[in-house]
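Please read the structure below before turning to the comments.
The values are calculated or read from the model by the stated rules, or taken from the named source; none is laboratory data. This is a predicted model, so every value here is computed, not measured. No Cβ is skipped: glycine too gets one built from the backbone with ideal geometry, and neighbour counts run over all protein chains shown.
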Amino acid sequence: MRRDIFQAIADPTRRAILVLIALQAMTPNAIADNFNTTRQAVSKHLRILTECDLVKQEQKGREIYYSLEIEKMKEIDQWIEQFRKIWETQFNQLDKLLINMKKQKK
């Protein structure tokens, strides 16, 4: 079964992994060193992130390096953007209301 990117980022450990590898590619062992969990658990998270195309693997010698797949992250941003527009509209309306209330008090 193909996983959904939102299922992948629902887990806090997977989100933390994405943050870690956003700046530089890392091996599974290097990633696991940042968590209080087993190497196998980190590998499972990496597998899920890979299945969702949020991370990519690159073989360098005997090591596999994981890096962020930024294009896939744009899908998340595009989905959130629709809500960002709604929030901004509501905040702007609230600002106008507060300005009017202040004017009425004077």
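Some points to look at:
Conditions (1) among the acidic types (Asp, Glu); (2) in contact with a Leu (Cβ under 6 Å, 6 or more places away or on another chain), marked per residue:
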{"position": "6", "(1), (2)": "no, no"}
{"position": "22", "(1), (2)": "no, yes"}
{"position": "42", "(1), (2)": "no, no"}
{"position": "63", "(1), (2)": "yes, no"}
{"position": "93", "(1), (2)": "no, no"}
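- Matching residues in region 1-40 - criterion: being in a helix (DSSP H, G or I) and without any contact (Cβ under 8 Å) to a residue 24 or more places away in the chain: 12, 15, 16, 19, 20, 23, 29, 30, 32, 39, 40
- Search result, residues across region 48-78 that are surrounded by 14 or more Cβ atoms within 10 Å (Cβ to Cβ) and either on the phi > 0 side of the Ramachandran plot or among the basic types (Lys, Arg) (or both): 53, 56, 72
- Scanning region 5-18 for residues that are at pLDDT 95 or above and aliphatic (A, V, I, L, M) yields 16, 17, 18.
- Some residue of region 79-96 being surrounded by 12 or more Cβ atoms within 10 Å (Cβ to Cβ) and acidic (Asp, Glu): no
- Selection from region 51-78 of residues that are in a helix (DSSP H, G or I) and without any contact (Cβ under 8 Å) to a residue 12 or more places away in the chain: 70, 71, 74, 77, 78
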